[in-house]
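Presented below is the structure to which this report refers.
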Amino acid sequence: MSTAAPPADWRRLDPRTVLVTALVVAGVVAGAAVPVTLGLTRWFSLPVAMLQVLAGAVVVIGAAAGADRVRWHRTRYRIGEERVDLHTGLLLVKRRSLARSRIRTVDLTANPMLRLLRLVTVRIGTGEQGHDSTLELDPVTRAEGERLRRLLLERAATAPPGVHREGELAVLDPRWIRYAPVSFVAPMLGGAAAGAVMQVSEWVGAQSEVIEWVGDLFRDTPLLWMIVVLALAALVAGVVGALGLWIEMWWNYRLEREPGGTLRVRRGLFTSRSISVEEARLRGVDLVEPLGVRLLGAARLDAITTGLAKDDEARNADHNTLLPAAPRTRADTVAADVLREAAAPTGAALVRHPRAARGRRLRWSLAVALGPVLVLAVLGALLTPVLLRIALGCAVVSVPVAVALALDAYRGLGHALSGRYLVTRSGTVRRSTAALERAGVIGWTVRQSVFQRRAGLVSITATTAAGGGAYTVYDADAAEGLAFAAEAVPGLLEPFLERTGGTGATGA
């Protein structure tokens, strides 16, 4: 196979990609070797089974390395004056190209193996939907990755005006780790750990033994206490997992403003990540307060921006998070620095919503809580009184929780205008305070159901090309809400209000 260099204006990936692939596949094969060997011992002796697994491992690793060697040989990229080109493929050559004027993100990622070899994976994206909006160079040297990031993100325009400093805006405070156990990740990881134990025990044919061991352990323990102890054990495992995940994701965190107006987030213990956000594309910030984190007085800060990558991998990587869960005052300070404002709009005083909005939330919450209770009660009346007692227990627990969440959701409602930004807040389990640049609003959607009309309420949604695409003021006073929308973006809503007599629906 020829290894001739590509033309002068074309570049290749780093040839050590073959070594990386071989080592990764070897690790996967090593992890699978033990259960496969144990399985083969049912038909062969242990030495024969080990030889078969070893031979299979050599074949698998060699095939993977050979395929990646072909991929490296057939892959090349070029940074032109107007376009970025990527050619790859053996029999069917794929030619993909992105216009440099449309490139919005150049993100660098390096797993532990790549970091040891000083390599990175470069993701170049336009921020649009679809796989064709992203080019991936996997891997190149770290120096080449930094060169590409600077080259493709440099803009002729100067940085936005403002008095806020360049350089470091925020750096990791190790004390923020205390917010990891109260996130929703902890119970999820606890449930996943319990499921993993059962799944692995089934793979090795020992699931019944595990269940029997748990039964023997709690033989003299009442069922309720057994459930409580197992739930606590799963929760402890989830807390440990949440702490480990937080350390992996946010260690070495740093938020910087680079010359020319680019915000850069760097983070990661084993897998390093570098995410860039152009200030010219920034349309606001979203202060996110999950319930557990909010009870400790903390919040996370996300960017509302156009042009962030929107493929599945990017969405699953906290791609728009500027600040992990931190004290609320610190989050407001970082928000002000990011937006180049003297005071954070996320801390503005908000207009409270009418009491009718509280009634709507109480009715919704009670309906959700009492629905299963009614089903159990009916089944109990038809089948067995045991279900009636279960229904009563569920009602005793769920109704107070539903009322508390509904009242909290009502207290969280609010909206305001703060300088260049409109601010809206809603939610209880996940409270969100979004500060959206008024110039970024491209349309309004006004919704009023029959029940809202009777209560004098209206929900108004600001549509934008940034962030989630829509930010809603829920259950505001009808007259006040429409006045808020008209004042936030003058001239956008008034023609429709005149035509529909005060209510209606618009969109860009």
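Worth pointing out:
- Accessible area per residue for the chain, computed on protein heavy atoms with a 1.4 Å probe, is 52 Å².
- Taken along its principal axes, the alpha carbon cloud of segment 357-408 reaches lengths of 39, 15, 9 Å, longest axis first.
- Here the convex hull built on the C-alpha positions of the chain has a volume of 225 cubic angstrom per residue.
- Three-way shape call for segment 303-461 based on the alpha-carbon gyration tensor, with the a/c threshold at 1.5: prolate
- Value of relative contact order over the chain, rounded to a whole percent, pairs C-alpha under 8 Å and six or more apart: 11 percent
- Under-5 Å amide H pairs with residue 283, H placed in peptide plane, nonlocal only: 304, 305, 306
- Whole-Å semi-axes of the ellipsoid equivalent to segment 210-279 (Cα gyration tensor, √5λ, descending): 47, 11, 7
- In this entry, segment 217-365 is assigned a mean projected area of 14.2 nm², taken as a quarter of its C-alpha convex hull surface.
- Rounded percent of accessible protein surface that carbon and sulfur make up, the chain, 1.4 Å probe: 64 percent
- A DSSP coil position with no more than 12 other Cβ atoms inside 10 Å describes the following trypsin sites (Lys or Arg not before Pro) in segment 1-90: 42.
- The distance separating the Cα centre of segment 260-279 from that of segment 324-403 comes to 34 Å.
- Working note: Karplus 6.51/-1.76/1.60 with θ = phi - 60° gives segment 374-381 the couplings 5, 4, 5, 5, 5, 5, x, 5 Hz, where Gly and Pro are set to x.
- Whole-number D in µm²/s for segment 1-154 (Stokes-Einstein; Kirkwood sum over Cα pairs; 37 °C, 0.692 mPa s): 186 µm²/s
- Spatial separation of Cα centroids for segment 21-35 and segment 176-194, in angstrom: 29 Å
- Per-residue ³J(HN,Hα) for segment 400-414, Karplus 6.51 cos²θ - 1.76 cosθ + 1.60, θ = phi - 60°, Hz, x for Gly and Pro: x, 5, 5, 5, 4, 5, 5, 5, 5, 4, 5, 4, x, 5, x
- Average Cα contact separation per residue, segment 343-426, under 8 Å, 6 or more apart, as relative contact order %: 42 percent
- Per residue, the convex hull spanned by the Cα atoms of segment 2-78 amounts to 83 cubic angstrom.
- Other-chain or far-sequence residues with amide H under 5 Å of residue 14's (modelled H): 140, 141
- ³J(HN,Hα) computed for each position of segment 281-294 - Karplus, 6.51 cos²θ - 1.76 cosθ + 1.60, integer Hz, glycine/proline x: 9, 7, 10, x, 9, 10, 8, 9, 10, x, 3, x, 5, 5
- With N the number of residues in segment 76-142, Rg(Cα) / (2.2 N^0.38 Å) evaluates to 1.17.
- Principal semi-axes of the equivalent ellipsoid, √(5λ) from the alpha carbon gyration tensor of segment 327-382, are 45, 15, 6 Å from largest down.
- Applying a DSSP loop filter and a limit of 13 other Cβ atoms within 10 Å to the trypsin sites (Lys or Arg not before Pro) in segment 199-299 leaves 219.
- Helical mean residue ellipticity (222 nm; -39500 (n - 2.57) per DSSP H run of 4+; nearest 500) of the chain: -14500 deg cm²/dmol
The values are calculated or read from the model by the stated rules, or taken from the named source; none is laboratory data. Quantities reported herein were computed from a predicted structural model and do not represent experimental measurements. Note that each Cβ is placed from the backbone with ideal geometry, even for glycine, and that neighbours are counted across all protein chains shown. Ligands, DNA and RNA are excluded from the accessible area calculation, which covers all protein heavy atoms including side chains. Shrake-Rupley method; radii C 1.70, N 1.55, O 1.52, S 1.80 Å.
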